1. Of the candidates 218, 185, 175, which one comes out as most mobile in a Gaussian network treatment of the chain with C-alpha springs shorter than 10 Å?
2. What are the extents of the Cα atoms of the chain along their three principal axes, in Å, largest first?
3. Which value in deg cm²/dmol, rounded to the nearest 500, describes the helix-derived mean residue ellipticity at 222 nm for the chain, given -39,500 (n - 2.57) per DSSP H run of n ≥ 4 and division by the residue count?
4. Please quote Rg/Rh for the range 1-152 to two decimal places, taking the Kirkwood radius as Rh and restricting both calculations to Cα atoms.
5. Antiparallel DSSP bridges in the chain: what percent, to the nearest 5?
6. May I ask which residue of 164, 5, 85 lies farthest towards the positive end of the charge dipole of the chain, with charges of +1 (Lys, Arg) and -1 (Asp, Glu) on Cβ and the Cα centre as origin?
7. Once you charge only the Cβ atoms, +1 for Lys and Arg and -1 for Asp and Glu, what is the size of the charge dipole of the range 157-205 about its Cα centre, to the nearest 20 debye?
8. What Kirkwood Rh does the range 219-260 have if only Cα atoms enter the pairwise 1/r average? Answer in Å.
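Values in this text are rule-based calculations from the coordinates and carry no lab data. If you're wondering where the values come from, they're calculated on a predicted model, not measured in any experiment. Methodologically, a virtual Cβ is constructed for each residue, glycine included, from the backbone with ideal geometry; neighbour enumeration extends over all protein chains shown.
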Amino acid sequence: MQVVHTISDLENGSGGALVPTMGALHKGHEALIHCAQPLPRPLIVSIFVNPTQFGPGDDWQRYPRTLDADLAAAERAGADIVFAPDAEAMYPPDDEVPVPTLPAVATTPGLEDAHRPAHFSGVCQVVARLFDLLRPSAAVFGEKDYQQLLVVTEMVRAEGDRWPGLQIVAHPTVRDEDGLAMSSRNACLPPEARNQALGLYQALESARRTAANGTEPRTIERDLYSRLRQHGLDVDYAAVRDARTLLRPTGGQPTRALIAARVSGVRLIDNMALSDAEWHA
Ligand code: AMP
């Protein structure tokens with residue numbers, strides 16, 4: 001496996017599959033890398049803790065950085081190349097890196113967009129930059145960050161032929177045995193907070209069961225809030241939304257429950273499909 005820190009060190013990098021990450025790799029990331037195996041080569045894993053997608057009160061400085069372990073994990077999972085640039089390589093001081101026009105799903109739902117106002121402009125900026133530099137033919141994203149997955153998909157669609165033929169591949173959320181969604185931030189949870197964090201999964205499971213009985217979205221949302229609060233979680237949002245637009249459901253379309261909540265100063269997000277329909281690009 002080749003490890004490169006600047007784009008000029010990368011030979012024959014284009015046309016393959018890209019798995020963008022912020023490192024602190026766990027089994028969720030590894031599953032994304034595995035699922036990219038049949039895609040065109042080379043398989044590139046990028047590792048970059050992108051400062052522009054963190055707000056002033058966010059955890060950019062505290063975000064776990066574990067490059068040596070990440071390189072071993074990426075190699076085990078089958079990566080051909082790890083691209084681990086520093087901030088200067090991604091955002092050269094004399095080279096303006098524009099933010100693409102944000103799609104509606106990045107600004108209108110009132111979910112991550114409302115609680116982390118600059119987040120999706122940073123995500124679109126770094127993802128567009130990676131696509132421009134690496135010219136992949138496919139890129140894999142996790143449903144764990146469901147709004148991000150839709151934002152990237154819509155950005156690629158809106159940018160038209162900027163990245164011709166680029167396919168966005170979605171991978172389902174990978175969970176621990178008890179149901180907690182794998183996240184690099186789980187490493188920041190004190191041991192006693194893990195049970196509380198499990199409240200996200202349990203609330204979503206309950207939402208899925210009640211949705212199957214035809215319960216109204218508003219009632220499901222109230223139930224989500226009360227379950228999360230019972231676990232002592234500080235809730236940013238708990239919402240049932242149209243699975244494609246992330247706006248309020250109008251009936252007849254697939255829906256998704258999405259949650260963001262804090263425990264012991266760690267902000268966790270999770271989501272779950274409430275109907276059988278799977279995500280399609
Ligand atoms: P991150 O390093 O957290 O920015 O995540 C990099 C990619 O891995 C994103 O596409 C995430 O959605 C995805 N990812 C993170 N955690 C999981 C998980 N538990 N299951 C599936 N995908 C994940």
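1. Comparing 218, 185, 175 in a Gaussian network model of the chain, the most mobile one is 218.
2. Sorted from largest, the Cα extents of the chain read 54, 42, 37 Å.
3. Rounded to the nearest 500, the figure is -10000 deg cm²/dmol.
4. Taking Rh as the inverse mean 1/r over Cα pairs, Rg/Rh reads 0.94.
5. Numbers: 17 of 35 bridges.
Of the beta bridges lying entirely in the chain, close to 50 percent run antiparallel.
6. So the residue we want is 164.
7. Details: 5 positive and 7 negative charges, 39 e Å.
Magnitude of the dipole: close to 180 debye.
8. 10.8
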